[in-house]
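What follows is a single structure, written as structure tokens, with notes after it.
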Amino acid sequence: MTVGNRVAGKAAIVTGAAAGIGQACAQRLAAEGARVAVTDIDAEGGAACVDKIRAAGGEAIFLPHDAASENDWTRVFAETVAAFGGLHVLVNNAGFAFAAGIEETTLEQWRGIMSVNVDGVFIGTKLAIPEMRKSRGGSIINMSSVLGITGDAVMAAYCATKGAVRLFSKAVALESAEGGWGIRVNSVHPAFIRTPMVDRYAETFETTDAGYAELGRRQPMGRVGEAVEVANAVLYLASEEASFVTGTELVVDGGYTAR
């Protein structure tokens with residue numbers, strides 16, 4: 001992995017960073033010079049992520065965080081700014097998925113996934129903007145999915161949340177650009193990526209390896225992605241290399257949506 005200073009001096013928050021894509025994003029940003037607030041409901045995993053970053057010479061803190069809670073969001077921003085002196089990057093990564101037919105999906109399940117995958121992105125974005133304006137600009141990166149672009153059977157609730165994230169990001173990007181706030185807003189759309197969440201899905205096949213082989217066959221490149229490949233896309237959007245990139249979706253899917 002390349003280590004450098006592409007986001008040196010920037011203060012970042014990465015939600016859902018105890019494992020998977022979020023952890024990879026936090027580590028990648030820290031490796032390139034960002035000071036990172038790692039947030040998650042999983043305190044043990046979040047602390048382990050911070051330990052890895054510090055062991056590699058990076059700077060990070062862990063903050064317990066329920067992304068559906070506005071009170072938690074307010075505290076996370078206050079503690080991040082107190083620790084790092086400002087905010088320049090927010091990666092709204094926290095989220096979850098479940099598979100269920102539309103007739104089997106309960107209103108409780110629907111509201112539960114909306115509260116994290118959509119409400120969490122809304123609250124985080126809303127509260128990040130004034131802090132980033134104080135820092136004279138920033139980058140908000142909202143984690144969507146290929147299922148925010150295409151549909152999939154028995155994933156209606158998840159698709160709805162990720163589609164909402166995609167268009168929400170575009171609308172806020174326009175508001176920011178037209179307001180002259182200096183804040184860029186983009187969404188990232190991974191396909192199947194090797195993470196603990198996808199591990200659980202792969203385990204529903206005869207073997208986990210068989211599950212990953214099947215998932216790989218669904219993508220034109222013939223394999224699932226790795227979390228660091230998504231983190232590299234996030235790093236680009238967080239950096240000044242993407243200074244003219246806003247209101248778009250960066251798809252990391254091995255060709256899944258090209259069909």
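Quick notes
- Selected from Val7, Leu29, Gly58, residue furthest toward positive end of dipole (the chain; charges at beta carbon): Val7
- Per-residue Cβ neighbour counts within 10 Å put Trp73, Trp110 in the sequence Trp110, Trp73, beginning with the fewest.
- Residue exposure proxy: Ile102, Ile113, ordered by other Cβ atoms within 10 angstrom of their Cβ from fewest to most, comes out as Ile102, Ile113.
- Cα centroid separation, region 225-259 to region 28-44: 19 Å.
- Relative contact order of the chain, pairs being alpha-carbon contacts under 8 Å that are 6 or more residues apart, as %: 19
- In straight-distance terms, cross-link reach from Lys134 covers every one of the lysines whose alpha-carbon lies under 17 Å from its own, apart from those fewer than eight places away in the same chain; here that gives Lys10, Lys126.
- Lys/Arg +1, Asp/Glu -1 at C-beta; the chain dipole; positive extreme among Phe98, Ala164, Thr80: Thr80
- Net charge dipole, region 11-253: roughly 680 debye, given to the nearest 20, about the Cα centre with Cβ charges of +1 for Lys and Arg and -1 for Asp and Glu.
- Once the Cα atoms are used to define both axes, helix 156-179 deviates from the longest principal axis of the chain by about 30 degrees.
- Summary of packing: across the peptides 209-218, 130-139, the per-residue average of other C-beta atoms within 10 Å ranks them, highest first, as 130-139, 209-218.
- Helix 120-134 axis, angle to the chain major axis (alpha carbon atoms, nearest 10°): 20
- Answer label for mean projected area of the Cα convex hull in nm² (calculated), chosen among [x] 17.4; [y] 15.3; [z] 13.5: [z]
Throughout, read-outs are computed from the coordinates displayed, never taken from laboratory work. These numbers were taken from a predicted model, which means no experiment stands behind them. Heads up, the Cβs are rebuilt from the backbone with ideal geometry, glycines too, and the neighbour counts pull from every protein chain shown.
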